[in-house]
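Have a look at the structure below before the remarks.
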Amino acid sequence: MKKSFNGNKFFINRELSWLEFNKRVLEEAQDNSNPLLERLKFLSIVSSNLDEFFMVRVGSLNDQINAGFDKPDPSGMTPDEQVQSIYRTVASMIRDQYNCLSYSLLPALKNEGINIIDSDVLTPIQLNTLNEYFVNEIYPVLTTMAVDESRPFPLIANKSLNLAVLLQGSEKEDQLFATVQVPSVLPRFIEVSSDINGVNYILMEEIIRMNISMLFKGHKILAVNACRITRNADLSLNEDEADDLLLEIEKSLKMRKWGAAVRLEVEAHSDEKIVSILKDALELDPQSVFHIKGPIDITFLLKMAAQRSRPDLKDQLFPSIYPPAFKKYEDVFSAIRTKDILVHHPYEDFQSVIDFIYHAADDPDVLAIKQTLYRISSNSPIIKGLLRAVENGKQVTVLFEIKARFDEENNIQWAKKLEEAGCHVTYGLIGLKTHCKITLVVRRETDGIMRYVHMSTGNYNETTSKLYTDIGLFTSNRHIGSDATALFNQLTGYSDQPDWYMLNTAPFGLRKKITELIKNEIKLSTIDSPGRIIIKINSLVDSEIIKLLYKASCSGVKIDLIVRGICSLRPGINGVSENIRVISIVDRYLEHSRIFYFSNGGRKDIFLSSADLMERNLNRRVELLFPVIDEDLKNRLESILDIYLKDNVKARELKADGQYVWVNRRSKKPIHSQTYFYENPI
Amino acid sequence: MKATNLNHHIMAAIDIGSYSIKMKIADVDSNGGILPLETPRKFINLGKDTFITGKINNEHLEEVCNILKNFKKLISEYKTDKYMIVATSALREAVNCDYILDYIFQKTGLKIDVISESEERFFTYGSIMDNLKDFHRLKQEGVLITDVGSGGVEITLFSGGDLIFTQYVRMGALRLKEVLSTLERRTLNFPNLIGEYIESEIDTIKVQLLQSPINNYLVIGSEINVMHDILASGKKEYNRSFMAKEAFYKIFHKVIGKSQQQIAGEYMLNSESVETLVPAMLMYEKFLSFTQTDRIFTPAVSLCDGLVRYMSDTKFGLRNKAFSEKDIIISVRKLGEKYSYDSKHAEQVEKVALLLFDNSKRLHGYSDKERLFLQIAAIAHDIGKYINIKAHNILSHNIILNSDILGLSKNDLHIIANIIRYHANNMPGMDDFNYKALDYDSRIMVSKLAAFLKLADALDRSHRQKLSDVKIVLSEQNFTIKAETNRDSLLEEWEFENKSNLFNEVYGIKPNLIIKRK
């Protein structure tokens, strides 16, 4: 009997699965075996994750609801049901998060001499200093916004922290409402003093609150409460009609600040009048209002954790090593020509990738450098390398994805700078985000033209390369070189869809390839020698692929999925997915590498990719799936996967009910994958 | 230090076709090795314009300029100036072709050669050996080659190592589709209609092809690659160098009768590559049925491959492995046979004309290409006699102009036809429209080469090959032809007097003839 696997019960809603992921991040903050400042960092990430989740996902669901779209997703939930469920889950998550902060982290910080103090414990001297600071530094940059008949409700910018103030009007029963933004140009926390208890911090909003009467002279202050609004920031562009994409994006960026509100955070025990004024003005349901028991927006904790020079409260440093394969050769090109080179970040230094660009820029025989850029750091050495190449007379082509969400502004600035320098900058294909990470260097050598290619699972970003696990491949394989050239010709619009030798690209080919690979595994699977699939990705949502994996499971294929974030596949259902095991690893580094393993009757096909298995990656992005051919490198990747699968310290297993549980160690030797890779880098 | 190597060059070829503009940039070495570096391709339906309205429209023209500008940029990345840009039927047949070429030149600085069907074939076939090492064996055993382009199909037959037949038929895959598109709505069986149309077009050719058994079938063209794509889908290993007859028919029966959208959807192909699939397959099928083979050879060669091969052979002075001038000459002799020429006379004139040419390089300064023109003219100079002795030089002229000769451009044919026209007692002059229509260099070439042909023809006036041991003595002031005979050669001597006038005028030397009795 042919199974269709279409039932709702076979899929986990992607939003709820994402919230599960964020819960795992929260667990890292709660885990007291982690160093204190790392726990602080995880707690802060829970918040910044939620911010983005509300802006993008909840924003987009609200758009769907407003447009009257009520079709259920594969798990059977309508947009409205999803939003209801999200608010419920988030409410309890935030409760857990702030409990962790108040009852675990803040006391622990206090023990270590780091205190966040309230204004009521300040000494007169401290008070005096802070008041002076207020008058000189804070007061000049504050703007108050009052509401009355002549002035509309103030526009409160997305994600800004504000104080909402209720004032006594001139008449007895008259009440006025005003807001003051906590200036984002000033630090969120101020070091008040050090004493025997350690260092004392006070939050910016507290200093303003202490002096609020200075801002509203002649009015009696009835209530002051901190609040924060999150707005829908899901940019939707009409690319087809946009003459100048750059301009269009700049315009819509301005719009993002003022999208419809999706969440209101107010401090616990806020004045009811203030909450109701805000709620009405922002047209929010009661469930979108979150009462926060503690400081609102605790992303500052990340900064605080970073600021303290307390190595004893942080993870042991894992310095990266320079990829040894490069050390044996005079230059990068002869190294790559000799043998393909795999680089596992952050265990191996991303500097090797930067050096590749710089060598290409300075080498007299290099004719051209072509690169895709998606998310780059604000002071990118990669870009500097490209600018140097232009100066040295190389042809430089950059495929700049300026639609990379929340990085648009940074990217536009760099794109302009590169263009001015004489670099050929293009912005990719209409309707598709260029998400693949690839660099091509064309070099004239004595035996003809050689092409050197670097492809990676992660961005050309030296900052995130220290925090994300990614795998890059350097190769001089002619077929890959030829495909890389063809890919750039396609991305620049110079050529239509080419024929590929070895690379598979989304849209068009990647889904087809993965489908073929899974089907092949099904075909070859027998009782004696079952097929084998291991996939390590960040998210698994695509229902077609999930159904195919179910089919593979039913054909006896043993499937291991290492999915860090969202996983809509439900493992362990009898007759559907009992051969599928799903684990998630959340640890100090963000798991980001994407590896695909298919046993193919013992031949072992291994691929790396920039793509997650989500509709957007497979249909609306230019992604890359590339094979690793070198046997040694294949073995290395196989053992990397093996370690991930054996992880029993940071791995959680997804159960059929959608819950994640710690992998049972059963008195086995602990295996902590990220530590293992640091201790055994090659 | 910069790596420079004289044994490596970067060369580029651009083919402006009816359906797409393609480029090949390749790394070429002195041993004849060609390594493709870039092969971008942009779909643009110029054929639709030309085949339906007769001209290329302005929007398409702008697009062509943009594509060429981008391609030029890619070429410049390799810092090379060795490239060729050619255009085929869509431009060749457009009434506004000249304006278009000029516009493109103004916009992009690129000069485009509009090449003939024969040149297209010559270039394309030139790279067959790069993909099919066995080609000489096939030529020996008999091989039918069809190159289904967008505008036309080129049909060539080799047997016993010789070129037997070659012709261009204006029924390309895109042209068929466009020409018959108005009928598509009126029939439920469009493939059948195309099939009938194809059959009617190749009726006469069929007779000539079926004279001897054809043991091999070789297909060139992009649609066969689409068929390979379909067959290769889902397979790990797939050989694209041939297609079994069985496999061909499997796809053929699956695809015929399906709409473009169905085919594209079913096999995950882009709709552009599917558009001409059905008409092309119908043609393959028709020709396949003429042969006794169980597989189709499909060496992946294209016009761009051929152009790069041609440039590389020229650059490094290599002989083309698949085709040579010998093939051209053989095809001209076949043409002579078709018109029942006097082969012995033709051979004698050819021999003497080339002797004259080779021994007077100082006078004419020409090289291989002009020598080939003279040789062709010498072989074919009398073919008009098939129709009528009277004014046979003009009839020969007309036949040549309307023949497909492998490797020759339309302009080449005009020159050869003119050389032939003036082999009789007439003299080239601006009163003749056919002569006046040529450019200056071509006119000089016609006169200089016709002068040789005239003398060579005179020396076998009796068509009896009386003279032997012909030798040339060239000094500062004298051009003397010495020959031996044991027969009466008065007719030849008399004709020589009559026909040496052009030589005298062109080279400023009056040639002498000394005949020694054996």
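Values in this text are rule-based calculations from the coordinates and carry no lab data. No experiment lies behind these values; they were computed from the predicted model shown. Neighbour counts are summed over all protein chains in view; Cβ atoms, including those assigned to glycine, are modelled from backbone coordinates with ideal geometry.
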Query raised in the report: Taking N as the number of residues in the stretch A:1-109, what is its Cα Rg relative to 2.2 N^0.38 Å?
Result: 1.31
Report summary line: Of the listed pairs A:Lys303/A:Lys466; A:Lys512/A:Lys646; A:Lys513/B:Lys177, those with alpha carbons more than 22 Å apart are A:Lys512/A:Lys646; A:Lys513/B:Lys177
Report task. Mind scanning A:Lys370/B:Lys82; A:Lys403/B:Lys48; A:Lys314/A:Lys558; B:Lys139/B:Lys206; A:Lys437/A:Lys604 and naming the pairs with a C-alpha gap bigger than 28 Å? Result -> A:Lys403/B:Lys48; A:Lys314/A:Lys558
Query raised in the report: What are the residues whose amide H is under 5 Å from the amide H of B:Met84, where those residues sit 5 or more places off or on another chain and H is modelled from the backbone?
Result: B:Ala12, B:Ala13, B:Ile14
Report summary line: Under the rule rounded for a/c under 1.5, else prolate if a/b exceeds b/c, else oblate, using alpha carbon gyration tensor axes a ≥ b ≥ c, the stretch A:324-502 is classed as rounded
Query raised in the report: Using alpha-carbon positions, what is the distance between the centroids of the stretch A:437-495 and the stretch B:215-292, in Å?
Result: 33
Query raised in the report: How far, in degrees from 0 to 90, does helix B:117-126 lean away from the longest principal axis of the Cα atoms of chain B, to the nearest 10?
Result: 80
**Report entry** Residue-averaged 222 nm ellipticity for the protein assembly as shown, from DSSP H runs of 4+ at -39500 (n - 2.57), nearest 500
**Finding:** -12000 deg cm²/dmol
**Report entry** Considering only the protein assembly as shown, percent of DSSP beta bridges that pair antiparallel, nearest 5
**Finding:** 65
Query raised in the report: Non-local amide H neighbours of B:Ile115 (under 5 Å, H modeled in plane, Pro and chain starts lacking H): which ones?
Result: B:Ala87
Report task. Indicate, rounded to the nearest 5 percent, the antiparallel portion of the DSSP beta bridges found entirely in chain A. Result -> 70
Requested in this report: Among the aspartates and glutamates, select those whose C-alpha is under 14 Å from the C-alpha of A:Lys273, and discard any that sit fewer than 8 residues away in the same chain.
Outcome: A:Glu173, A:Asp174
Query raised in the report: With N residues in the stretch B:325-517, what two-decimal value do you get for its Cα radius of gyration over 2.2 N^0.38 Å?
Result: 0.95
**Report entry** Residue (of B:Ser367, B:Phe316, B:Gln348) at the positive-pole extreme of the stretch B:299-388, dipole from beta-carbon charges
**Finding:** B:Phe316
Report summary line: Long-range amide H partners of A:Ser577, meaning residues 5 or more apart or on another chain whose placed amide H is closer than 5 Å, are A:Gly572
Query raised in the report: Excluding same-chain residues fewer than 8 positions from B:Lys410, which aspartates and glutamates have a Cα within less than 13 Å of its Cα?
Result: B:Glu93, B:Asp113, B:Glu117, B:Glu119, B:Glu120
Query raised in the report: What FRET efficiency, computed as 1/(1 + (r/R0)^6) with R0 = 60 Å and r the Cβ-Cβ distance, is obtained for A:Asp174 and A:Asp657, rounded to the nearest 0.05?
Result: 0.60
Query - Under 19 Å from A:Lys327, Cα to Cα: lysines that are on another chain or at least 8 residues apart - result: A:Lys339
Report summary line: Counting only DSSP beta bridges with both partners in chain B, the antiparallel fraction in percent, to the nearest 5, comes to 65
Requested in this report: Treating the angle as unsigned and between 0 and 90°, give the value, to the nearest 10°, between the Cα long axis of helix B:343-358 and the longest Cα principal axis of chain B.
Outcome: 80
**Report entry** Hypothetical label at A:Ala268: residues of the stretch A:298-331 whose amide nitrogen lies under 17 Å (7 Å Cα-Cβ projection)
**Finding:** A:298
Report summary line: Counting other chain Cβ atoms within 10 Å of each Cβ in B:75-84 and taking the mean gives 2
Query raised in the report: With a ≥ b ≥ c the root eigenvalues of the C-alpha gyration tensor of the stretch A:68-171, is it rounded (a/c under 1.5), prolate (a/b larger than b/c) or oblate?
Result: oblate
Query raised in the report: Under the classification rounded if a/c is under 1.5, otherwise prolate if a/b is larger than b/c and oblate if not, where does the stretch A:502-646 fall, given a ≥ b ≥ c as square roots of the Cα gyration tensor eigenvalues?
Result: rounded
Report summary line: For chain A, whose charge dipole is built from +1 on Lys and Arg Cβ atoms and -1 on Asp and Glu Cβ atoms, the candidate among A:Ser48, A:Pro187, A:Tyr644 with its Cα farthest towards the positive end is A:Tyr644
Report task. Count the lysine pairs in the stretch B:434-518 whose Cα atoms lie under 19 Å apart, taking only pairs 8 or more positions apart in sequence or on different chains. Result -> 22
Report summary line: Scalar couplings 3J(HN,Hα) for the stretch B:305-313 by Karplus 6.51 cos²θ - 1.76 cosθ + 1.60 (θ = phi - 60°), nearest whole Hz, x for Gly and Pro, are 4, x, 5, 5, 4, 4, 5, 5, 4
Requested in this report: For B:Met268 paired with B:Asp134, estimate the spin-label separation in nm (one decimal), with each label point 7 Å from Cα along the Cα-to-Cβ line.
Outcome: 3.2
Report task. Can you figure out the FRET efficiency of A:Gln413 with A:Val185, using R₀ = 22 Å and their beta-carbon distance, to the nearest 0.05? Result -> 0.70
